[in-house]
Amino acid sequence: MSIFNSMQINTSGLQLERLKLDVISSNIANANTTRTEDGGPYLQKQVTFEEAMKTQDAYFAPGTQRKSFGVRATGIEESEDNLRMTYDPSHPDADADGFVAYPNVDMADEMINMMTTLRTYDANVTAMNASKAMLNKALEIST
């Protein structure tokens with residue numbers, strides 16, 4: 001394992017958490033948007049991700065092996081579950097029965113997701129700084 005692998009793994013985590021923060025920000029900003037370009041209410045978005053695997057030559061055995069190499073985003077999914085229907089016949093987006101479909105964004109859930117994402121981002125920054133410190137110490141030892 002290269003000394004730089006830990007930094008690359010932390011970088012992938014930082015990129016994922018930044019994307020998650022962007023999506024959470026979009027959810028919060030559109031919590032009351034009843035009409036989008038598609039015509040319906042804003043739908044809550046969530047980032048999907050998976051472990052990134054890398055194939056490399058084995059050091060002590062013949063052949064190759066698959067190793068974890070961080071995380072990668074696989075997409076952004078929209079959820080149509082739990083749209084809020086509110087009776088308001090005077091609203092411009094009301095249907096024929098007078099109901100307005102509001103986004104399924106729960107502000108409390110989004111704030112919890114945001115705090116969790118920020119903490120994970122901070123943990124990745126701390127791990128990145130630890131990797132940099134170890135690399136600096138290794139350079140001091142070798143000189």
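Scanning region 16-58 for residues being polar (S, T, N, Q), in contact (Cβ under 8 Å) with a residue 24 or more places away in the chain and either in contact with a strand residue (DSSP E or B) (Cβ under 8 Å, 6 or more places away or on another chain) or over 18 Å from I76 (Cβ atoms) (or both) gives a total of 6. The single residue among D88, D22, D38 that is surrounded by fewer than 10 Cβ atoms within 10 Å (Cβ to Cβ), at negative phi and not aliphatic (A, V, I, L, M) turns out to be D38.
Being among the hydroxyl-bearing types (S, T, Y) and touching a helix residue (DSSP H, G or I) at 6+ places or on another chain (Cβ under 9 Å) is the filter here, so list the residues in region 15-40 that pass it. Don't jump to the end; show me each part of the working.
We begin by selecting, within region 15-40, every residue among the hydroxyl-bearing types (S, T, Y); these are 25-26, 33-34, 36.
Residue satisfying the conditions is S25 alone.
Would you point out the residue of region 28-48, among those that are more than 14 Å from Y102 (Cα to Cα) and modelled with pLDDT of 95 or more, that is farthest from the chain's Cα centre (by Cα)? Ranking the candidates gives K45 first. For S12, are the conditions met, namely being within 24 Å of M134 (Cβ to Cβ), of a type in the set (S, T, Y) and surrounded by 15 or more Cβ atoms within 10 Å (Cβ to Cβ)? It is true that S12 is within 24 Å of M134 (Cβ to Cβ), of a type in the set (S, T, Y) and surrounded by 15 or more Cβ atoms within 10 Å (Cβ to Cβ). Restricting T55, T64 to those that are hydroxyl-bearing (S, T, Y) and loosely packed, with under 10 Cβ neighbours inside 10 Å reduces the list to T55. When we screen N113, N124 for residues that are under 23 Å from A31 (Cα atoms) and in contact (Cβ under 8 Å) with a residue 12 or more places away in the chain, the only hit is N113.
Which residue out of V100, V105 is part of a strand (DSSP E or B) and touching a residue at least 60 places away in the same chain (Cβ under 8 Å)? Step through it out loud before you land on a result.
Details: V105 fails: part of a strand (DSSP E or B).
On inspection, the qualifying residue turns out to be V100.
The values are calculated or read from the model by the stated rules, or taken from the named source; none is laboratory data. Not measured: the values here are computed from a predicted model. Heads up, the Cβs are rebuilt from the backbone with ideal geometry, glycines too, and the neighbour counts pull from every protein chain shown.
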